[in-house]
1. Tell me, what does the Kirkwood hydrodynamic radius of segment 1-151 come to in angstroms if you use every pair of distinct C-alpha atoms?
2. Measuring from label point to label point, each 7 Å out along Cα→Cβ, what is the A67 to D462 span in nm?
3. In nm, what is the difference between 0.36 nm times the number of residues separating E264 and S53 and their Cα-Cα distance?
4. Roughly speaking, what % of Cα-Cα pairs in segment 1-76 are separated by over 18 Å, rounded to a whole number?
5. Using the Kyte-Doolittle scale, which helices in the chain average at least -1.0 and also have C-alpha atoms spread 24 Å or more along the helix axis, with helices defined as whole DSSP H runs?
6. Count the DSSP beta bridges whose two residues both fall in segment 14-125, then state the antiparallel fraction as a percent rounded to the nearest 5.
7. Once R0 is set to 35 Å, what does the formula 1/(1 + (r/R0)^6) return for the Cβ-Cβ distance between F364 and A277, expressed as a FRET efficiency to the nearest 0.05?
8. What value, in deg cm²/dmol to 500, does the helix sum -39500 (n - 2.57) over DSSP H runs of n ≥ 4 give at 222 nm once divided by the residues of the chain?
Amino acid sequence: MLPAPALDPLDLRVCEQARLSRDARFDGLFFIAVTSTRIYCRPVCPAPSPKPSNIVYYRNAAAAEAAGFRPCLRCRPELSPADGSWRRGDAAVARALKLIEAGALAESSLAELAGKVGLGERQLRRLFSDKLGATPIGVHGTRRLLFAKQLLTETDLPITQVALAAGFGSLTRFNTTFRDEYRMAPRDLRKREGAGATASGTLTLRLGYRPPYDFAAMLDFLRGRALPGVEAVDENGYARVIGTASAPGWLRVNASPSSAKTGEHALKLQLHGALPADLLAIVHRLRRMFDLDADPQAIAKALSVDPRLRPLLKKRPGLRLPSGWDGFEIAVRAIIGQQVSVAAARTLTARLAQRFGTALPTPFSADLVHLFPTPEALADADLTAIGLTRARAATVNTVARALLDGRVDFRAERTLEDLVSRWVALPGIGPWTANYIALRATGHPDAFPADDLVLQKAVPTDGGRMTAKALTARAESWRPWRAYAVIQLWRDSMPAAKAPAKTPVGAT
């Protein structure tokens with residue numbers, strides 16, 4: 001049994017063992033470049049093993065491509081999960097990577113990106129080179145090309161739309177860049193690999209993850225909080241309305257039916273009505289929402305030092321952070337959920353969504369009939385009519401206005417401390433709500449609502465309750481993965497995945 005992934009710097013012995021055993025736990029944590037073919041592969045590639053003398057290991061795809069290697073057509077590096085360790089937390093590289101994934105370099109310069117994380121351009125470039133073996137521009141470019149490669153292989157989108165979806169403003173530029181990097185034209189790749197059928201305007205894509213992954217537990221969490229009319233969760237997957245009133249669409253995420261047969265670790269995404277220019281952003285949001293880039297082995301290794309968490313991690317090694325589709329929606333849920341049960345919070349939030357959301361001209365189904373309200377719709381709305389107390393209604397109004405005027409946001413460059421401090425500055429928002437927003441709206445791995453009564457009772461094994469101060473002290477050893485400890489403890493406190501009857505300031 002190989003040790004848990006710990007590849008900073010790359011451990012060549014571990015890489016070699018993982019390559020020979022095709023260990024899926026290491027998928028996306030490093031790539032195998034073959035000097036004789038100039039191709040790079042995932043550790044799980046089914047192709048015959050090359051000679052060790054022809055192998056060079058790279059931490060990420062961008063580094064391999066910068067060295068002149070092109071992605072394998074058989075194992076398809078575009079399907080591998082990202083290295084979550086570099087994309088999590090408050091380090092400058094992590095925040096810069098999150099900004100790149102949010103499209104920052106498609107809209108602004110490298111100097112502007114560096115400024116957002118408090119660094120100079122040269123310093124950021126040097127950090128990327130030292131930590132990742134690639135430049136920020138290289139990471140951005142590889143991300144776009146690999147997404148284009150996936151669209152060319154899995155959909156029948158016209159190549160012009162593939163170029164737009166991957167962030168290229170010109171078909172000519174896309175064709176030239178793709179040919180220069182991958183040594184074939186986009187149309188030649190499609191002819192060679194074939195394109196997936198797009199039925200009735202619905203795209204189907206695979207979303208890879210690193211095992212283990214407890215998708216059933218993720219659905220359990222989302223099911224108890226699903227808003228009728230906006231989203232629906234069944235035993236197989238999650239669906240919701242997306243888009244705007246003028247251009248609505250829907251998505252569904254479920255287990256890939258081919259996974260059991262092929263051993264592939266991926267979810268299946270279906271998208272309908274999404275504009276090509278929005279596809280990459282949608283996939284990015286879903287990867288964050290379903291926590292697909294987490295490294296469960298690294299997380300378990302860190303948290304298992306605590307005897308209270310160790311048996312929980314062994315029992316449910318695949319629990320992930322259940323984030324949300326939209327930050328404002330999560331913030332409203334958190335406010336409404338203060339000091340009420342999960343069921344009551346869901347009922348009130350569903351009323352709000354139905355009353356102030358935008359009804360679809362033609363419902364997609366009986367379960368998907370309207371969009372969640374925008375901040376503009378709730379900034380001055382009278383929310384007491386749906387049963388909210390005056391205090392809760394005022395807080396929702398305040399948050400909507402604060403988002404519109406920029407006092408709070410969900411921006412990727414925010415550190416946890418910065419994000420929490422901005423939110424608690426608003427009336428009606430305390431540390432619990434702010435940390436809950438950090439956990440579920442941004443997927444921050446170290447968010448920690450120490451005031452949560454469920455957590456305070458879940459950690460002691462003698463039936464007692466810890467104070468917030470004592471719980472915070474106990475959780476210091478859980479950093480930088482405290483949010484994962486929260487999910488484990490919440491889950492352990494909810495037998496059969498059912499929420500407790502009352503969670504005064506609990507896991508809403």
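Nothing in this text is a laboratory measurement; each read-out follows from the coordinates by a stated rule. Keep in mind the model is a prediction, meaning the values are calculated, not measured. Glycine gets a Cβ as well: all are built from the backbone with ideal geometry, and neighbour counts include every protein chain shown.
1. 15.8 Å
2. It is 5.5 nm.
3. 73.1 nm
4. Values: 848 of 2850 pairs.
Above the 18 Å cut-off, segment 1-76 has 30 percent of its Cα pairs.
5. Helices passing the filter in the chain: 136-154.
6. Around 70 percent antiparallel, to the nearest 5.
7. Working: r = 21 Å, r/R0 = 0.60.
For F364 and A277, the calculated efficiency is 0.95.
8. Only helices count here, giving -12500 deg cm²/dmol.
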